[in-house]
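J.: Next up is a structure, given as structure tokens.
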Amino acid sequence: MSDIIETHPIAGSEKETHPKLVRIPGFGVGEKPTVAISIATAVACLALWWLVAKLGLVSHLFLPRPDEVLTQIGVVYRDGYAGASLSEHILASLFRIVVAAAIAIGIGIPVGLLMGLNRWAKGILDTPIEFYWPLPPLSYLPLMIIWLGIGETSKITLLVLAMFAPICLSAQAGVRSLPLERVNAARSLGANRLQLFLNVVLPSALPEILTGIRIAFGIGWGTLVAAELIASTRGIGFMIMSASQFLATDVVFVGIGIIAVCAFAFSAAIRILEAVLVPWKGKL
């Protein structure tokens with residue numbers, strides 16, 4: 001009689017396991033909006049400004065309250081300042097900054113791309129650009145007056161020089177940061193030089209170029225006050241300097257606020273342009 005071994009199923013069989021989805025944590029700022037944080041920060045700064053002025057921690061002559069600055073905006077808008085209306089001051093400054101930006105962009109981007117693509121161009125142009133780029137615009141302001149006079153040419157040239165270098169260097173950096181694998185892949189697909197430039201080099205450098213333009217506008221607005229020191233009768237910078245001579249601090253704050261609003265508008269426009277032209281920025 002043979003032995004029969006009876007097997008029994010193991011009690012408590014293992015449950016079916018399902019794969020868990022693991023979310024990879026982001027790095028840096030991420031994609032969460034920061035608008036609420038920025039608005040809260042602005043409100044906190046305004047509240048601190050009002051509190052310091054209200055308590056008299058700083059002399060009223062040097063720090064007016066925010067409501068007084070708002071009142072002065074209405075006065076300047078209605079009566080003008082320094083022989084011109086507020087709109088004339090704003091339009092004069094916008095004309096100078098827009099013309100200078102157009103010239104700086106029109107020259108800076110091609111020169112920067114050329115410097116990134118050609119070592120001879122980089123070797124020849126890198127030295128003069130690196131020489132004048134760290135200099136503050138006020139240091140070569142007297143030369144602009146001596147060489148170009150006191151008209152609009154000297155003001156716009158000063159702004160062009162201030163805005164050219166960051167645009168040019170950003171375009172160069174955009175080309176030099178292009179991965180070589182992307183170029184080789186395009187070549188293997190039969191792309192010629194023009195196709196390689198238009199479809200690979202330029203789109204890859206575009207994020208850096210737009211960043212350089214944003215930086216250039218910031219430098220340009222900062223240089224505007226210096227540019228409008230040259231025998232100006234119109235402009236926000238001229239209005240600020242004229243008000244400072246008479247200790248009209250509220251008018252100075254009005255001019256600073258207008259420059260800040262204009263600069264923010266230009267920066268926001270470039271951010272929108274970035275979202276349209278380079279939607280892949282920060283995602284690859």
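J.: Restricting attention to the range 227-237, which residues are outside any loop (DSSP other than H, G, I, E, B) and either at pLDDT 90 or above or of a type in the set (Ser, Thr, Tyr) (or both)?
T.: Restricting attention to the range 227-237, the residues satisfying the condition of being outside any loop (DSSP other than H, G, I, E, B) are 227, 236-237.
Listed by number, the list holds a single entry, 236.
J.: Since residue 63 meets every condition but one in (1) open to solvent by 50 Å² or more (accessible area, probe 1.4 Å); (2) farther than 21 Å from residue 262 by Cβ; (3) of a type outside the set (Asp, Glu), which condition does it not meet?
T.: The failed condition is (1).
J.: List every residue pair whose Cβ atoms lie under 6 Å apart, where the two residues are 6 or more positions apart in sequence or sit on different chains, the first residue falls within the range 118-147 and is closer than 17 Å to residue 164 by Cβ, and the second residue, located anywhere, is β-branched (Val, Ile, Thr) and assigned to a helix (DSSP H, G or I).
T.: 137/223; 144/157
J.: Would you call residue 150 out of contact with any Asp or Glu (no Cβ under 6 Å at 6 or more places or on another chain), part of a helix (DSSP H, G or I) and of a type in the set (Val, Ile, Thr)? Lay out the reasoning, then the answer.
T.: Details: out of contact with any Asp or Glu (no Cβ under 6 Å at 6 or more places or on another chain): yes; part of a helix (DSSP H, G or I): no; of a type in the set (Val, Ile, Thr): yes.
Spelling it out, it is not the case that residue 150 is out of contact with any Asp or Glu (no Cβ under 6 Å at 6 or more places or on another chain), part of a helix (DSSP H, G or I) and of a type in the set (Val, Ile, Thr).
J.: What residue, of 139, 188, is surrounded by fewer than 18 Cβ atoms within 10 Å (Cβ to Cβ) and within 24 Å of residue 92 (Cα to Cα)?
T.: On inspection, the qualifying residue turns out to be 139.
The values are calculated or read from the model by the stated rules, or taken from the named source; none is laboratory data. Small disclaimer: the values here were computed from a predicted structure and weren't measured. In this analysis, Cβ positions are derived from the backbone assuming ideal geometry, glycine residues included, and neighbour counts consider all displayed protein chains. To get the accessible areas, we keep the full protein, side chains included, count just its heavy atoms, and leave off ligands, DNA and RNA. Shrake-Rupley method; radii C 1.70, N 1.55, O 1.52, S 1.80 Å.
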